Amino acid sequence: MDVPSGSADDRSFPFDALAAAVLDDRGTVTRWSAAAAELVGREADEVCGHPVRDLLARDPEMPSRTASVESAAVPTAGRALLRHRSGHTVDVAFRTMPLEGSSDVLVLAHRARPGAQRAEAGARTAATGADAAVEQQRTLRHLDVLHQAALRVGGSLDVERTAQELADVVVPALGQLASVDLADAVLAGDEPPRWIGGGDPHMRKVAVASADGTWPAGHVQLGDAIPALPYVDRDVVTRVRRDGAVILGRDEAAALLGGDERLTGLLLPEGGSSTVVAPLLARGLMLGSLSVWRVDNPEAFTAREAGVLREIASRGALAIDNARRYTREHRAAVALQRRLLPPETTDTAATETTGIYRPAGGGAEIGGDWYDVIPLPSLRVALVVGDVIGHGLHAAATMGRLRTAIRTLADLELDPEDLFTHVEDLVQRLAEEAPPGTQDAVGATCLYAVYDPVACRCTFVSAGHPPPVVVRPDGTAHVVAVAPGPPLAVGGAPYEATTIDLAPGSVLVLCTDGLLEGDDHDADAGLRRLADLLPGLCGPGRSLTETGHALLAELGTHPRRDDIALLLARTRAVPEGATAHWEFPADPAAVGDAREAVARRLAAWGLEDLAFTTELIVSELVTNAVRYGGAPIGLRLIRDRVLLCEVTDPSNTQPRLRRARNTDEGGRGLFLIAQLSTRWGCRYGRRGKTIWAEQPIAGAAG
């Protein structure tokens, strides 16, 4: 690529409109200033990354005065013809200088004036040399500001932090004060209105910077709303949007405020002489504006400085819009996560519970951790914590599907081991449905516990999840040795249940590994830390909510790489006098004996009003057990907020509810039970089944 070089006369350099570019050692343009864009009508994204030769036009009058930009003999000064976008050529004078510590070359150019330039070259040599030095220094400063903007702006997905980075990068390089105003909708993650004029009442000052470190006391303060303006010059707004930046003197800026002294004090800094305002535009949306003021400085902003601010604002707007869209996605994930989780506290006959969820990264990353409390028949309760692989909406959606599946299977009253086998099958199907290459990212760990307040026993099954910690009523704590099982989606091994006795008033603590992680990355050490902390945090009179937040304060103070789900449950016991149990042979006479036993117990409990319906229920269930189940037949009543009636037999035959025909002699038993009770069901054990029915007790606390 040949570049016409000029004579010594061409090296007089009156820079009225200095353009700048940076070339690498192969002659490729790597940086392109706003003035250069104006000179040839081509923006930076059209030029950067392309050889400078593409911009040159051959000059037939200067075929011999050439030098190769790609060779070491780059001319230090000269003349060249550039091709303008419109098709005509632009005659420029240029200087080049190597950049220290780099193989890149800085090229400074301006539109040449052939006749006058040569005539006045000698007389102006000393003055133009000084002017050129000043211009070069200013250009280098502008390039440095652009470089700093590229390095410092956009490293965060936080809208306000990105705005602050934008304000900090232009002070004091371009002015003494700077501020970023954004639409309230942007801060919430939403798109702003398609048209926002200056002084829109829904704008807010979200970032400020000052050369001396202090923001004017009388000015609109950080976080405050920008007051509505009584008058806005639509021409100024149009210029801002069209040109990307507009320069205003103090008088012109004051005129926009309609002479309102209060607004002048709020919006125009004392001593401010000149301001340049650049819109923050992204995808056709005006997110807000970036403003820079010169204070106690009579030098007005130049068009070139406005161009520099326009480039910085353009880069900053994209970064802010990325952060805004992340905020929207994060907010949606948070809302989804919260809606998928149960209430934070529950209070049942079996337990009182508190659940807490904390996102990772100080609230920045929603994941798939969850907790759940599932009421089961016969006053039992299932306690669940789980951890889905990954973060974001996908993890939250997977968590929702798993939580729903576990709730559905729990309602079927499956044994915990069988429940996890079914959930494992579901996770395998989810992995098969996942897009190609992401199947390995579908999986979860989970801990499932069922507590029975009548027997005061708890059964645990783990799918690759950390075990629970129990704090006994005497204040001692220990980690429960739960039999480990494979994580969901791994498979290959059966799940095994672990059952322990729990004294009433014990506190069960179930959590995900986000709470246990430490600098040592040792989960066992994290469990020991948890067990050591709990006795001091579960003191008498302290609520589970207080204990949970105290745990997070102790173990979750620094930003976490993983989210946290924490579930605490204080166990209760059904009083011994609130249950009654009998056993009968598989003899038709047992039906009458069972009815009499139930009537006596209900009278002792003062529940005579339930005697008739309960006797009918017992009669039907015991009759079915005698006919189809065999001996022994167990009958149990449990009195709490409801009255529960259970009949157990050794058969695994599944009862079916059906509507009997008029000519049928039987088949109405379960239909009658369904009409007499609020809920009924059947669960299977290792030996036989239990059919239960539930009736409300009038006046009992719900």
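Any read-out appearing in this document is the output of simple, stated calculations on the displayed coordinates, not a laboratory observation. Predicted, not measured: the structure shown is a model, and the values here were computed from it. Cβ coordinates were reconstructed from backbone atoms using ideal geometry, including for glycine residues, and neighbour counts include every protein chain displayed.
Taken one residue at a time, the phi angles of segment 461-472 give Karplus couplings (6.51, -1.76, 1.60, θ = phi - 60°) of 9, 10, 10, x, 10, x, x, x, 10, 10, 9, 6 Hz. Gly and Pro are set to x.
Note on ARG407 and GLN148: with the Förster distance fixed at 56 Å, the Cβ-Cβ geometry gives a FRET efficiency of about 0.55. Computed over the alpha-carbon pairs of segment 397-499, the distance histogram in 5 Å steps reads 2, 12, 21, 22, 18, 11, 7, 4, 2, 1, 0 percent, short to long.
Here the spin labels are modelled as points 7 Å beyond Cα on the Cα-Cβ line, and at TYR684 and ALA589 they lie 3.4 nm apart. Computed extension gain for ALA525 through ARG457, at 0.36 nm per residue and net of the alpha carbon distance, reaches 21.7 nm.
Can you compute log10 of I(q)/I(0) for segment 159-331 with the Debye formula, treating each Cα as one identical point scatterer, at q = 0.12, 0.15 Å⁻¹? Here log10 of I(q) over I(0) equals -0.48, -0.77. Taking one quarter of the surface of the convex hull spanned by the alpha-carbon atoms of segment 259-399 gives a direction-averaged projected area of 14.7 nm². Applying D = kT/(6 pi eta Rh) to segment 342-571, where Rh is the Kirkwood radius over alpha-carbon pairs, T corresponds to 10 °C and eta to 1.306 mPa s, the Stokes-Einstein value obtained is 90 µm²/s.
In this structure, the amide hydrogen of HIS50, modeled 1.01 Å from its nitrogen in the peptide plane, lies closer than 5 angstrom to those of VAL29, counting only residues at least 5 positions away or on a different chain. For GLY505, the amide hydrogen comes within under 5 Å of the amide hydrogens of THR571, ARG572, counting only partners 5 or more places away or on other chains and with H modelled in the peptide plane. In terms of Cα atoms, the Rg and Dmax of segment 516-642 work out to 25.1, 69 Å. What FRET efficiency would be calculated for the residue pair LEU140, ARG85, taking the C-beta separation as r and a Förster radius of 30 Å, to the nearest 0.05? E between LEU140 and ARG85, to the nearest 0.05, is 0.65. With a Förster radius of 22 Å, plug the Cβ-Cβ distance of ASP45 and ASP24 into 1/(1 + (r/R0)^6) and report the FRET value to the nearest 0.05. The value I calculate is 0.80. The length gained by stretching the chain between LEU616 and ALA578 to full extension, at 0.36 nm per residue less their Cα-Cα distance, is 11.6 nm.
Using only the C-alpha atoms of segment 576-696, find the volume of their convex hull and express it per residue in Å³.
Taking the convex hull of the Cα positions in segment 576-696, it is 105 Å³ per residue.
Across segment 332-397 the C-alpha pair distances fall into 10 Å bins from zero in the proportions 21, 47, 24, 9, 0 percent.
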